[in-house]
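Engineer: Pasting a structure here, questions to come.
Values in this text are rule-based calculations from the coordinates and carry no lab data. Note that the coordinates shown come from a computational prediction; the quantities given were computed from them, not determined experimentally. Quick reminder, even Gly has a Cβ in these numbers, built from the backbone with ideal geometry, and neighbours come from all protein chains shown.
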Amino acid sequence: IDIFKKVYIKSSIPYLSAGFSSALGIGWKVVAAAEALSLPKYGIGTNLFNSKTYIQVPELLAWTVIIIFISY
């Protein structure tokens, strides 16, 4: 068990952190897409969809940048 703790767990930490980071980023993108499809009253996806519908390019780019920062 001591070898398991010192070798296997310590060597798997970079892979676990990379997987967690990737899953978290994809999760935020999925949340934004789900909000765009379900259109709740307030939400990032709703604002993104409304910006696209009413051709508000600066607002659309701002929401896109926010989604990228949150998911990265």
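Engineer: Considering only region 4-56, state which residues are touching a residue at least 24 places away in the same chain (Cβ under 8 Å) and of a type in the set (Lys, Arg).
Structural biologist: Answer for region 4-56, where residues must be touching a residue at least 24 places away in the same chain (Cβ under 8 Å) and of a type in the set (Lys, Arg): just LYS29.
Engineer: Return the only residue of SER22, SER17 being more than 11 Å from the chain's Cα centre (by Cα) and among the small types (Gly, Ala, Ser).
Structural biologist: SER17
Engineer: Give the residue that is farthest from ASN50 (Cα to Cα), with candidates limited to residues of region 9-29 that are surrounded by 12 or more Cβ atoms within 10 Å (Cβ to Cβ) and hydrophobic (A, V, I, L, M, F, W, C).
Structural biologist: Restricting to residues being surrounded by 12 or more Cβ atoms within 10 Å (Cβ to Cβ) and hydrophobic (A, V, I, L, M, F, W, C), the top hit is LEU24.
Engineer: Within region 46-62, is even one residue of a type outside the set (Gly, Ala, Ser) and under 12 Å from the mean Cα position of the chain (by Cα)?
Structural biologist: no
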